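Below is one structure, written out as structure tokens, with a few remarks after it.
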Amino acid sequence: MSDKAIMTGKYFMNGDEACAEGAIAAGCRFFAGYPITPQSEIAERMSNRMPEVGGRFIQMEDELSSIAAVLGGSWGGARSMTATSGPGFSLMMENIGLGMMTETPCVIANIQRGSPSTGLPTAVGQGDMMQAKWGSHGDYGVIAYAPTSPQEMFDYTVKAFNKAEQYMMPVFVMADEKIGHMRERVEIDESKVEIYQRRKPEVGPDEFLPYEPDEDLVPRMASAGEGYRVHVTGLTHNQKGYPQLDVETQQEKVGRLVDKVEKNKDDIVEIEEIGVEDAEVLIVSYGMAFRTAMGAYKRARERGKKVGIIRLVTVWPFPEERIRELSQRVKGIVVPEINLGQLVNEVERASQGKAEVELVPHPGGGLHQPDQILDSLEDLL
Amino acid sequence: MTTELKKKKESTGPELTAASHPATKYLREERLPHIWCSGCGLGSAVTSLTNAYDELEIPIDDIGVVSGIGCAGRAAGYFETDSYHTTHGRAIPFATGLKLANPEMSVTVFSGDGDLFAIGGNHFIHAARRNLDMTVICVNNYNFGMTGGQFGPTTPQGATATTAPYGNYENPFNLPELAASAGAIYVARWTSVHARRIEAAMEDALAKEGFSFVEILSPCPTGYGRRNDLGEGLDELKSYQERAKIKHGSDPGKAEIKRDPESEIIVGKFVDKERPTFCEVADSYLD
């Protein structure tokens, strides 16, 4: 295809392919995955492109091993990634926890489909949004992007890698079948791709503590073969990385896993606000549902209705403060999601009863009609 | 110290201290003593591996030790190398990523029978099939020791375990046969009583390019032995000494282990062959 890692140019590309190109542009050189619809084009593209850019592709025996290999690849020193869909995402949960606990940078793209179980393998869904937040056992902070176009699949996969490196953790790209399979113009421009360089140890092996955090609560990483002889364990561990199974260490470690995301929210959270200034009713949406919501927004504005949109670019961490603030002055918030009510609960929680919150559900397998969203908006106006 | 005693001590050579022990440079001294029970074979298996590294002069910074979960899973934590204590069953896929991302590393997976062959069995056969360049060491104690002595995929039929109070009614895996048929290029089995043989087998396995497998049959007086009238750890070692028959190159299909304490246990080197590794084959298609 190209021996260039960043294929500067303009392309007609689907979202899955753009995700793969974004990963490669961000420096991904190890991909391990297992075939599943509708992410297969990511793996296929990676199998083609990894050898071209000096990386390694492996098709593993399942998703459990795919994510385990990605964690190993990351400790081996490569920017690493896997891609999957709902059933595979479920299988990855245990090792996502290992990645969080061991603070292993990597990216997991979930091209969601109708769920639960095998559900609707070839059709859109947004049913894994809470799983991305709470799927593995225990407490940890989460960063998840929800792209809304092939271009954003490229842009936000780059960003996901950067945030994974910056905060030393697995980061999710929570797309869906529609975004994955939609074909649109994608512009790749090497001069616009920014890469966050991994923080390496600043002291020698004798002094280095692999889990001693910097001021922003993020530790530094020594990869395999660099002479630091680091011990990495999923057991609760001290700053040296050694198991220490007591309440104090648990508090320090797990507290920091949550805090390194929570206390850096200003840097991480991204939302897009459209027509919010004079809005009396808001739409809060993300991913593919946002594109339908935009249709409803335009129609509402054409009819002179004061409607605004908050689009969650990062779904996690949730922009609680901004939603709370806006809840004080709007009559209501409409939340269209391609599930039967997930992020709507977060919106409701954030609004603290100040604004009426209405879900516009969709079970998956298709998209809302803009009029469904419009009806809800008019109910609240 | 009396002059007589002093003389005796001098005559036996220099005093062996932690600092002078050949294994020390491979171990995280501050983490010792280890957690394993008296009579367990894990400690000696670790020593054999450090000796093998030493003998082959593999630079310590090039060694990666990966373990899963369980008693043997704790081994990685004692190696002063890059060491990874991963999730239950996933040591091999983690090691796969480590090796593929960093081919300069010499990657050893050190884990137990439950971890590698119950929850992780699928990964074992696929890694062997791919001929990934790594060495897998399985310390087989016939049960899930860490969780209190439940039966596992290698528990001999009829043996008693905490979840097999009437006797294990499942058929166990014969690990050399499984490894050989899945495609491992080196397969050996020894028992904890064969310290030097284990070390030599580990050296062979580490030196091979491809997927090599060493099974070590260990005593487990706490979890397995006492429920099966095998006595103390030392008694189990004695029993291994009596039961083990060295038969290099024998059919791994005939190496099953029976519960009968009089029955023969075939040990030795079953497979030693060459086959291109995963990376060699993958790269050969790129030209």
**Message:** Over the Cα atoms of region A:1-268, each weighted equally, I'd like the Debye log10 I(q)/I(0) at q = 0.10, 0.11, 0.15 Å⁻¹, rounded to two decimals.
**Reply:** -0.47, -0.57, -1.05
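Roughly how compact is the protein assembly as shown, stated as its Cα Rg over 2.2 N^0.38 Å to two decimals? List each step's numbers first, then the result.
Numbers: Rg = 27.9 Å, N = 668, 2.2 N^0.38 = 26.1 Å.
Taking the Cα Rg and dividing by 2.2 N^0.38 Å, one obtains 1.07.
Over all residues in A:58-66, what is the mean tally of Cβ atoms on other chains that come within 10 Å of each residue's Cβ?
Details: counts 9, 0, 8, 9, 4, 0, 8, 12, 3.
Counting other chains' Cβ atoms within 10 Å and averaging over A:58-66 gives 6.
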**Prompt:** Under 19 Å Cα-Cα from residue A:354, which lysines qualify once same-chain neighbours fewer than 8 residues away are excluded?
**Reply:** A:306, A:331
**Prompt:** So what does log10 I(q)/I(0) come out to for region A:270-380 at q = 0.11 Å⁻¹, using the Debye formula with one equal point on every Cα and no solvent?
**Reply:** -0.27
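Would you mind counting up the charge near residue B:32? Only other residues with Cβ under 14 Å from its Cβ, with Lys and Arg at +1 and Asp and Glu at -1. Before the final figure, lay out each step's value.
Details: positive: B:25, B:28, B:31, B:74; negative: B:29, B:30, B:80.
That works out to +1.
Could you work out [θ]222 nm for chain A from helices alone, using -39500 (n - 2.57) per DSSP H run of at least four and dividing by all its residues? Round to the nearest 500 deg cm²/dmol. Don't jump to the answer; show the numbers that get you there.
Values: 13 runs with 143 residues, N = 381.
Rounded to the nearest 500, it is -11500 deg cm²/dmol.
Rank by packing, highest mean first: peptides A:202-212, A:33-43, with packing defined as the count of other Cβ atoms within 10 Å averaged across residues. Could you put the intermediate results ahead of the total?
Details: A:202-212: 13.6, A:33-43: 22.4.
Averaged packing, sorted descending, gives the order A:33-43, A:202-212.
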**Complete:** Rounded to one decimal in nm, the spacing of the 7 Å Cα→Cβ label points at residue A:90 and residue B:54 is 5.1 nm
**Message:** Give the lysines whose C-alpha is closer than 27 Å to that of residue B:254, dropping any in the same chain fewer than 8 places away, or say none.
**Reply:** B:208, B:238, B:245, B:269, B:273
**Item:** Under 9 Å, Cβ to Cβ, from residue A:150 - net charge with Lys/Arg +1 and Asp/Glu -1
**Value:** -2
**Message:** Under a crude label model (7 Å from the Cα following the beta-carbon direction), how far is residue A:48 from residue B:238 in nanometres?
**Reply:** 6.9 nm
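How much of the pair distance distribution for chain B lies past 36 Å, counting alpha-carbon pairs only, in percent?
Numbers: 6250 of 41041 pairs.
Considering chain B, 15 percent of its Cα-Cα pairs are separated by more than 36 Å.
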**Item:** Spin-label model distance (nm) - residue B:281 vs residue B:169, 7 Å beyond Cα toward Cβ
**Value:** 4.0 nm
**Asked** Residues of A:229-242, mean number of Cβ from any other protein chain within 10 Å of their own Cβ, rounded to a whole number?
**Response** 5
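Test of understanding: what is the full-extension gain from residue A:263 to residue A:195, defined as 0.36 nm times their sequence separation minus their Cα-Cα distance?
Working: separation 68, 0.36 × 68 = 24.48 nm, distance 2.25 nm.
Using 0.36 nm per residue and subtracting the Cα-Cα distance, I get 22.2 nm.
Under the classification rounded if a/c is under 1.5, otherwise prolate if a/b is larger than b/c and oblate if not, where does region A:1-69 fall, given a ≥ b ≥ c as square roots of the Cα gyration tensor eigenvalues?
Note, shape of region A:1-69 comes out oblate.
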**Request:** Using a 10 Å cut-off on Cβ to Cβ distances, tally the other chain neighbours for every residue of B:59-70 and report the average as a whole number.
**Result:** 3
**Message:** Order B:224-235, A:280-291, A:183-194 from most to least packed using the mean count of other Cβ atoms within 10 Å.
**Reply:** A:280-291, B:224-235, A:183-194
**Message:** Among A:362-369, B:272-279, B:189-196, how do they line up by average Cβ neighbours within 10 Å per residue, starting with the highest?
**Reply:** B:189-196, A:362-369, B:272-279
**Prompt:** Taking square-rooted eigenvalues a ≥ b ≥ c of the alpha carbon gyration tensor, is region B:124-236 rounded, prolate or oblate, where a/c under 1.5 means rounded and, failing that, a/b exceeding b/c means prolate?
**Reply:** oblate
**Message:** What are the membrane-span-like helices in chain A by this rule: whole DSSP H runs, Cα extent along the axis at least 20 Å, mean Kyte-Doolittle hydropathy at least 0.0?
**Reply:** A:86-101
**Cα gyration tensor category, rounded, prolate or oblate, for region B:170-219 with a/c compared to 1.5** = oblate
**Asked** Taking the DSSP beta bridges in region B:1-152 as the whole, what percent of them are antiparallel, to the nearest 5?
**Response** 20 percent
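Which of A:311, A:113 comes first, and how do the rest follow, when ranked by fewest Cβ neighbours within 10 Å?
Details: A:311 21, A:113 29.
Listing A:311, A:113 from fewest to most nearby Cβ atoms yields A:311, A:113.
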**Prompt:** What's log10 of I(q)/I(0) for region A:311-375 at q = 0.28 Å⁻¹, Debye sum over Cα points only, no solvent?
**Reply:** -1.25
**For region B:230-269 and region B:63-82, distance of Cα centres in Å** = 26 Å
**Prompt:** Hey, quick one: spin label on residue B:250, modelled 7 Å out along Cα-Cβ, who in region B:137-177 has an amide N within reach, i.e. under 17 Å?
**Reply:** B:174-177
**Euclidean distance between Cα centres, region A:56-82 to region A:238-253, Å** = 27 Å
**Request:** Return the long-range amide H neighbours of residue B:244 (sequence gap of 5 or more, or a different chain), with a cut-off of under 5 Å between placed amide H atoms.
**Result:** B:265
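So which of A:265/A:298; A:133/A:163; A:159/A:263; A:163/A:265 end up more than 21 Å apart by C-alpha? Before the final figure, lay out each step's value.
Working: A:265/A:298 30 Å; A:133/A:163 16 Å; A:159/A:263 19 Å; A:163/A:265 12 Å.
The answer is A:265/A:298.
When Lys and Arg each count +1 and Asp and Glu each count -1, what net charge do the other residues less than 10 Å away from residue A:218, Cβ to Cβ, add up to? Working shown, then result.
Details: positive: A:199, A:220, A:256, A:260; negative: A:103, A:165, A:214, A:215, A:216.
Local net charge: -1.
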**Message:** What whole-number distance in Å separates the alpha-carbon centres of region B:24-42 and region A:207-221?
**Reply:** 27 Å
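Bear in mind that the values in this text are calculations on the coordinates, not laboratory data. Because the structure is a prediction, the values reported are computed rather than measured. All Cβ positions, even for glycine, are placed from backbone atoms using ideal geometry, and neighbour counts span all protein chains on display.
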